[in-house]
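*Asks:* So that we are looking at the same thing, I have put the structure below in C-alpha cells.
The values are calculated or read from the model by the stated rules, or taken from the named source; none is laboratory data. This one's a predicted model, so the numbers in the text were calculated from it and none came from an experiment. Ideal geometry is used to build each Cβ from the backbone, glycine not excepted, and the neighbour counts take in all protein chains shown.
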Amino acid sequence: MSRFRILIVCAVLLLHALMLWALQVGLLQRVLQDAEMVVPVAQLAELPPPPKPPVAEPPKPARQPPQAAPQQSPPPVPVPTPAAPVAAPAPAPVAVADAPPAPNAPTGTVTPRAAPAAAPVVAPAPVKLELPTTDANYLHNPTPVYPPASERRRESGLVLLSVLVDAEGRAKAVSIKTSSGFERLDQSALQALTGWTFVPGKRNGVPVEMTVDVPIRFKPRE
C-alpha cells in the first residue's frame with residue numbers, strides 16, 4: 001500500500017509540474033505576440049511623407065488662324081455740290097375766324113347725371129268675384145216639374161246643371177253636368193232652368209258673363 005500511495009503522490013506532482021510548464025509557455029507566447037504588435041516611435045518617424053497632389057497646368061491658348069491683311073478701299077469720288085434752290089415766297093397768312101361755341105356744347109369736365117329713381121312697384125289689387133245667384137225674392141223662378149211617371153215609379157235623384165249667365169242675368173246656355181240616373185228627371189230640370197233669371201255675376205262690382213252650377217233634387221212625396 002505504501003508504494004501505491006507513493007505512485008499517486010508522484011503522479012500528482014508530475015501533473016502539477018506539467019500544468020506549470022504549460023502556463024509558462026502560454027504566457028511566453030502571449031508576451032511575444034504583444035511585442036510584435038508594438039511599433040517603435042523611431043520607425044514611425046522615418047516613414048516617408050505622403051505624396052503631394054498633382055498641380056493642374058493651365059490650358060494652353062488655342063492657336064488663331066492668320067488674319068488676312070486689310071484691303072485698301074479706293075479713294076472716294078468727289079460729288080459735285082448742287083446749287084441751292086431758290087426759296088419760293090411764303091404765302092400770305094389767311095385769317096381764320098374762330099367759330100362760336102355751341103350753346104349746349106359740353107365742357108372739358110362732364111358731370112354724370114343721376115339715374116332716375118325707379119318707380120315703386122304697385123301690387124295689383126285682388127280681383128273680387130261674385131257668382132250668379134238664384135235666391136233673390138224678386139226672381140220668381142218656377143220649380144221644376146216632377147214627372148208623373150217618375151213619381152209613380154218613385155224615381156229620385158240629384159241633377160247638377162251648368163248654367164252660363166250673361167251680364168243681364170239671363171240663362172244663356174244650360175247643360176247637364178251630373179245626371180240623376182233618370183232621363184225624365186234630367187230633362188225636367190233642363191227645361192226649367194232654361195227659363196230662369198239670375199242675379200248676374202260681378203267682377204270688382206261690374207256685372208259680367210259667368211258660369212255657375214245649379215243642383216236640382218227630385219224626391220217623391222211620402
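*Asks:* I'd like the full set of residues that are more than 26 Å from V208 (Cα to Cα) and part of a loop (DSSP other than H, G, I, E, B), limited to the stretch 144-188.
*Replies:* P144, V145, Y146, P147, R153, R154, E155, S156, S179, S180, G181, F182
*Asks:* Hey, another quick one. Against the condition assigned to a helix (DSSP H, G or I), surrounded by 17 or more Cβ atoms within 10 Å (Cβ to Cβ) and among the hydrophobic types (A, V, I, L, M, F, W, C), how does A192 come out, does it pass?
*Replies:* Values: assigned to a helix (DSSP H, G or I): yes; surrounded by 17 or more Cβ atoms within 10 Å (Cβ to Cβ): yes; among the hydrophobic types (A, V, I, L, M, F, W, C): yes.
In short, yes.
*Asks:* Looking at the stretch 195-214, which of the residues that are part of a loop (DSSP other than H, G, I, E, B) and in contact with a Lys or Arg (Cβ under 8 Å, 6 or more places away or on another chain) is surrounded by the most Cβ atoms within 10 Å (Cβ to Cβ)? It would help to see each step written out before you state the result.
*Replies:* Our first condition is that a residue be part of a loop (DSSP other than H, G, I, E, B); within the stretch 195-214, this holds for 195-196, 198, 200-201, 204-205, 208-209.
Cutting the leftovers down to in contact with a Lys or Arg (Cβ under 8 Å, 6 or more places away or on another chain) gives us 198, 204-205, 208-209.
On the way: F198: 24, N204: 11, G205: 7, V208: 15, E209: 14.
The residue in question is F198.
*Asks:* Next up: Which count do you get for residues in the stretch 132-169 that are in contact with a strand residue (DSSP E or B) (Cβ under 6 Å, 6 or more places away or on another chain) and at pLDDT below 90?
*Replies:* Total satisfying the criteria: 4.
*Asks:* What pairs can you find where one residue is in the stretch 152-181 and within 11 Å of L193 (Cα to Cα) and touching a residue at least 40 places away in the same chain (Cβ under 8 Å), the other is among the polar types (S, T, N, Q) and loosely packed, with under 12 Cβ neighbours inside 10 Å, and their Cβ atoms are less than 6 Å apart, with a gap of 6+ or different chains?
*Replies:* Going by the 6 Å Cβ cut-off, the qualifying pairs are S162/S175.
*Asks:* May I pose another question? For the condition at positive phi and surrounded by fewer than 16 Cβ atoms within 10 Å (Cβ to Cβ), what is the one hit in R217, R154, R221? It would help to see each step written out before you state the result.
*Replies:* Numbers: R217 fails: at positive phi; R221 fails: at positive phi.
Exactly one of R217, R154, R221 is at positive phi and surrounded by fewer than 16 Cβ atoms within 10 Å (Cβ to Cβ), namely R154.
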